Amino acid sequence: MGKKRTRLNNIYANMKKRCYDAKSEVYSYYGGRGIKICEEWNDRQIIHLSNGGNSSKGYQAFKKWALENGYQDNLTIDRIDPNGNYEPSNCRWVSMKVQCNNLRNNVRLTYKGRTQTIHEWCEELNLNFDRIRDRICRKGWGVAEAFETKEN
């Protein structure tokens, strides 16, 4: 029976699948848009490990970066620039909440000189997300009006 893959190994394998496997359900959002993995992390050269196993040089580089840059089992890999590649300068380990606020399709609103997603504003101002999204996205209200109007 084969060795069980670690969570970090699965994250790495899924990252490669998103970028390079045209049969992946999400390929069009990653590789199909030109998102790649840096050479260092994508190095396929096989190396022999001290425990007798084998690994790719790319995975070992990714693993080293991950462990030195905040990897924890409750975090996910996030590209800081959602249009940028998977590379050390563009990746970080974040909670799902942070990652969801970094999606390309998020609506970002500027209110009182600050810009955040609708989710972030609703959380900060204790507003109903569905109501605010409806007012802004469907009804075309201005941000201040949507945030400051108390009734439906």
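Every number here is computed from the coordinates shown, using simple stated rules; none is lab data. Just so you know, these numbers come straight off a predicted model, no measurement behind them. Cβ coordinates were reconstructed from backbone atoms using ideal geometry, including for glycine residues, and neighbour counts include every protein chain displayed.
Note down the magnitude of the dipole of the chain about its Cα centre, charges +1 on Lys and Arg C-beta and -1 on Asp and Glu C-beta and zero elsewhere, to the nearest 20 debye.
For this selection, approximately 480 debye.
Please give me the summed charge of the neighbours of GLY32: other residues whose Cβ is under 13 Å from its Cβ, Lys and Arg +1, Asp and Glu -1.
The answer is +3.
With the crude spin-label approximation of a point 7 Å out along Cα→Cβ, what separation in nm comes out for ILE46 versus TRP141?
It works out to 6.2 nm between the two label points.
Put +1 on the Cβ of every Lys and Arg and -1 on every Asp and Glu Cβ in the chain; which of PHE62, GLY52, TYR30 then has its Cα farthest towards the positive end of the dipole?
GLY52
If R0 is 22 Å, what FRET efficiency do you get for LYS23 and ASP73 from their C-beta distance, rounded to 0.05? Let's see the in-between values first.
On the way: r = 28 Å, r/R0 = 1.29.
It comes out at approximately 0.20.
Measure up LYS16/LYS139; LYS63/LYS112; LYS4/LYS64; LYS23/LYS139; LYS36/LYS139 against 30 Å on the Cα-Cα distance and list the ones that go over.
Result: LYS16/LYS139; LYS63/LYS112; LYS23/LYS139; LYS36/LYS139 exceed 30 Å.
With the Cα gyration tensor of the chain in hand, give its eigenvalues times 5 under a square root as the equivalent ellipsoid semi-axes, listed largest first in whole angstrom. Don't skip to the answer; put the middle values down first.
Details: eigenvalues 322, 50, 34 Å².
Square roots of five times the eigenvalues give 40, 16, 13 Å.
For the stretch 35-117, what D do you get in µm² per second when you plug the Kirkwood radius from alpha-carbon pairs into Stokes-Einstein at 25 °C and 0.890 mPa s?
167
Grab the DSSP H runs of the chain that are 4 residues or longer, score each as -39,500 (n - 2.57), total them, divide by all residues and round the 222 nm result to the nearest 500 deg cm²/dmol.
Theoretical 222 nm ellipticity from helices: -9000 deg cm²/dmol.
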